1. Identify the residue in the range 371-392 that is charged (D, E, K, R) and part of a strand (DSSP E or B) and, among all such residues, is nearest to Gly182 (Cα to Cα).
2. Report, by residue number, each residue of the range 336-360 that is aliphatic (A, V, I, L, M) and open to solvent by 70 Å² or more (accessible area, probe 1.4 Å).
3. Give the residues of the range 425-444 that are part of a strand (DSSP E or B), surrounded by 17 or more Cβ atoms within 10 Å (Cβ to Cβ), more than 21 Å from the chain's Cα centre (by Cα) and not acidic (Asp, Glu), sorted by residue number.
4. Mind listing just one residue for me: the one in the range 213-243 that is out of contact with any helix residue (DSSP H, G or I) (no Cβ under 9 Å at 6 or more places or on another chain) and over 15 Å from His198 (Cβ atoms) and, of those, surrounded by the most Cβ atoms within 10 Å (Cβ to Cβ)?
5. I'd like the residue in the range 157-173 that is closer than 21 Å to Gln241 by Cα and not aliphatic (A, V, I, L, M) and, out of all such residues, is surrounded by the fewest Cβ atoms within 10 Å (Cβ to Cβ).
6. Mind listing whichever residues of the range 244-260 are in contact with a helix residue (DSSP H, G or I) (Cβ under 9 Å, 6 or more places away or on another chain) and either among the aromatic types (Phe, Trp, Tyr) or more than 29 Å from Phe215 (Cβ to Cβ) (or both)?
7. Which one is most open to solvent (accessible area, probe 1.4 Å), of the residues in the range 42-69 that are at pLDDT below 80 and of a type in the set (S, T, N, Q)?
8. Against the condition over 12 Å from the mean Cα position of the chain (by Cα) and farther than 30 Å from Ile90 by Cα, how does Gly209 come out, does it pass?
Amino acid sequence: MRKLTCLFALGFLLFNNTLRANEPEKVTSTEEVSETTAKKERIKQVTKDDDYEKFRFGGYGEMVAKFMNYGTNRFYGGVDNSDHRNTIAIPRFVLAFDYKFNSKWILGAEIEFEAGGVGIETELENSENGEYETDMEKGGEVALEQFHITRLIHSAFNVRAGHLIVPMGLTNAHHEPINFFGTSRPEGETTIIPSTWHETGLEFFGSFGKGYARFDYQAMIVAGLNADGFGRDNWVADGKQGLFEQDNFTSPAYVARLDYKGVPGLRVGAAFYYCNDVTANADKNYKYSSVGRSSVKIYSADAQYKNKYVTARGNIIYGDLENSSKISKVTLSNNSNYYHGAMRNVAKNALCYGLEAGLNLSAFFSQKKCPVIYPYARYEYYNPQEEAEGSATMEKRCQVSKWTAGVNWFALPNLVVKTDYTTRHIGTNKVFGSTKYNNENEFAIGIAYVGWFTKR
């Protein structure tokens, strides 16, 4: 309880980055697609929402209820995973804080309470032959998602050091709940890479160009992925570090991202992630002595277009893991947080892509009090077992084609009520493919907010 109290207090003293495009986007504003706004953005050094003088405090949160016709484990038994169950949860409650020491030095932090609480404490006791010791206090997690100090130098070049968001994919860079339509974050991205992905390191960022040739860039050196977390169901997503007090920096990762923002309402981005040897970052790297150097490369591209009538987003992520078959043969302790049992079977390649579009009904009516309602649809394909290395067998039940349709009601510009219906087709890459596995269907309803509570 003492740890929870301290962390909660820290959340009120520290908070969010928002010096970049991680800031929530106001979906109802037509100014964001106007040339006037574009000119204002060009003269700002760091962000489009740098509207505070000394500090600001706020955050975001989500609540979701789901009603499902499938069980908790589609890999258990045969092809029949039919079951009916309901869940209700608070996926995340986040507190954020920005503080300007002066016009050049800025502190930003973000602390997340996930699934309602704290947590599991794990220690690696090297004095006891490397045994894991786990103290279970309560389900859930408290995580310092961001904590960094920024030095503003020039609009084209700035430096940030600390715990940073890794901007791979569409959702990590824009993870607040009003920046995607679904009651849950896009499933493909959150399956094959970490979400929200945050690592400790150094970042260089800035903007360059003008008019229709405006760009933002990021270049980062951060703690690399840990091969212990790689597995069949989530590829490298569980390889994010942070389990222990210190991250392994033996083989750091290099990240680069470029966003084009020259056309009002349009953002097109691409990113690349490279870690030279993920086995060097393992808790007990001697277990991988027979594997050899194993690099991870991840490529992503995404785009968003918004005007007062329509919002459309799309993304694709492709990953490649060297020596995946050898990594799969390394067994881990069954009391570790990475235990995969007999089903580690990590793939060489993983893939996901998706597209969503929503229509703003209120834009078609002249009445000022017409509610802001977005009916939307989203298609996703993802497979953490897209391609094997050598003769390894890939699990077809990891291959998912998913349709979601629903409605977002923006009761306030930064408060949204969501409802949607989802159907997953298992073992196929077809839009409406038929396989021997049962489809998974669910209905969900949720509410989410984003906002700054106070600023000065």
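1. To start, the set of residues in the range 371-392 that are charged (D, E, K, R) comprises 378, 380, 386-387, 389.
With part of a strand (DSSP E or B) added as a condition, the list becomes 378, 380, 386-387.
Working: Arg378: 8, Glu380: 12, Glu386: 25, Glu387: 28 Å.
Step by step, filter the range 371-392, then rank; the result is Arg378.
2. Here is the first cut: in the range 336-360, the ones aliphatic (A, V, I, L, M) are 342-343, 346-347, 350-351, 355, 357, 359.
Ala342, Met343, Leu355, Leu359, listed by residue number.
3. Taking the range 425-444 and keeping what is part of a strand (DSSP E or B), we get 425-426, 440-444.
Adding the requirement that they be surrounded by 17 or more Cβ atoms within 10 Å (Cβ to Cβ) leaves 425-426, 440, 442, 444.
Those still in the list that are more than 21 Å from the chain's Cα centre (by Cα) too: 425-426, 440, 442.
Those that are part of a strand (DSSP E or B), surrounded by 17 or more Cβ atoms within 10 Å (Cβ to Cβ), more than 21 Å from the chain's Cα centre (by Cα) and not acidic (Asp, Glu): His425, Ile426.
4. Asp216
5. Selected residue: Gly162.
6. Selection gives Asp247, Asn248, Phe249, Thr250, Ser251.
7. Gln45
8. Numbers: over 12 Å from the mean Cα position of the chain (by Cα): yes; farther than 30 Å from Ile90 by Cα: yes.
Spelling it out, Gly209 is indeed over 12 Å from the mean Cα position of the chain (by Cα) and farther than 30 Å from Ile90 by Cα.
The values are calculated or read from the model by the stated rules, or taken from the named source; none is laboratory data. Since this is a predicted model, take the numbers as computed values, not measurements. Cβ sites come from the backbone with ideal geometry, for glycine too, and all protein chains shown count toward neighbours. Calculation scope for accessible area: heavy atoms of the full protein, side chains included, ligands and nucleic acids excluded. Shrake-Rupley method; radii C 1.70, N 1.55, O 1.52, S 1.80 Å.
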